[in-house]
């Protein structure tokens, strides 16, 4: 794609850069990236030194008024919003809704041509979230935008993982039907499986059972859960997720491994979970759709948290391609 044909974006709650990377591949260059975690900002700067990364609370972000009307896309991967009913019971969690409100206000103030907000899947269709959707739709429509909600799954876009997200897309000059039409052909089938995605790395140290393991792990992964930055170590999620990893993939999900299995590693899909193969950070990155040259700052747990909480780049790329096509039309 030529430099003259690229578009301008702003990325909010940028995290480790999964969304920004995918959108970059789709032809969007971020003017500003806002992220409040220092370790994620370090990751962004390691990979793209020229990006303007602002380490700050989104609620305090006050962009230059000169950007108004001069942005093609405002994108945000926001912390998971609680439903209205849940939020009323857990007042300490209202920050997620405040960040969503702030993002909508930035849309109104900056007037980008298109908007992409990623969040929990049920936000796009759940009855408990209807008041939130109605409130956002009203604000955007009053500002002249056409909004649309949809749920997408990473497994439909070349990611070996069952990972659902709720997406809000809006266009300043209309285009939701065109966007949905453009997005549909991008979806990929059949789905990439864990076995096919990791077969090569599993055999790279001479493990003779890599092919047998890959055949056993011939399905998409459960959602990789990043968890809280404030507690716990690097593992593949809650008890139910770890059980799936053991039963369906012969993977020990209780921690993240340091190296691939070697020539002497035993193969038994029915052994105790603690004796099964562990996934390494770079294998988890593969399952999240990151390229091998994307680096993550920090030690193992902090790297895993960034990985697990990231938007898979192929999903962002697919959405970005559809948004670009809609804007170009």
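The values are calculated or read from the model by the stated rules, or taken from the named source; none is laboratory data. Only a predicted model underlies this, so the values are computations on that prediction, with no experimental measurement involved. Every residue, glycine as well, gets a Cβ built from its backbone with ideal geometry; the counts of neighbours run over all protein chains shown.
Quick notes on this one:
- A count restricted to segment 1-27 and to residues that are more than 18 Å from residue 78 (Cβ to Cβ) and in contact with a helix residue (DSSP H, G or I) (Cβ under 6 Å, 6 or more places away or on another chain) stands at 3.
- Leading residue by the ranking (surrounded by the most Cβ atoms within 10 Å (Cβ to Cβ)) among those in segment 163-183 that are in contact with a helix residue (DSSP H, G or I) (Cβ under 9 Å, 6 or more places away or on another chain) and in a helix (DSSP H, G or I): 179
- The lone exception for residue 49 - which of (1) modelled with pLDDT of 95 or more; (2) surrounded by fewer than 17 Cβ atoms within 10 Å (Cβ to Cβ); (3) in contact with a helix residue (DSSP H, G or I) (Cβ under 6 Å, 6 or more places away or on another chain) it fails: (3)
- A single entry from 212, 151, 143, 197 fulfils the requirement of being touching a residue at least 24 places away in the same chain (Cβ under 8 Å) and surrounded by 17 or more Cβ atoms within 10 Å (Cβ to Cβ): 197.
- Any hit, segment 12-28, residues being farther than 14 Å from residue 306 by Cβ, free of Cβ contacts under 8 Å to residues at least 40 places away in the same chain and outside any strand (DSSP E or B): yes
- Condition check for residue 306: within 23 Å of residue 165 (Cβ to Cβ) and assigned to a loop (DSSP other than H, G, I, E, B): no
- Top-ranked residue of segment 268-284 - restricted to ones that are touching a helix residue (DSSP H, G or I) at 6+ places or on another chain (Cβ under 6 Å) and modelled with pLDDT under 95, ranked as farthest from residue 212 (Cα to Cα): 273
- Residues of segment 193-224 that turn out to be part of a loop (DSSP other than H, G, I, E, B) and out of contact with any helix residue (DSSP H, G or I) (no Cβ under 6 Å at 6 or more places or on another chain), as a count: 9
- Out of 226, 232, one residue alone is modelled with pLDDT under 95 and farther than 30 Å from residue 104 by Cβ. It is 232.
- Candidates 55, 96, 101, filtered to the one that is in contact with a helix residue (DSSP H, G or I) (Cβ under 9 Å, 6 or more places away or on another chain) and modelled with pLDDT under 95: 96
- Scan of segment 261-303 for residues that are more than 19 Å from the chain's Cα centre (by Cα), buried (at least 22 other Cβ atoms within 10 Å of the Cβ) and in a loop (DSSP other than H, G, I, E, B), ordered by number: 261, 276, 279
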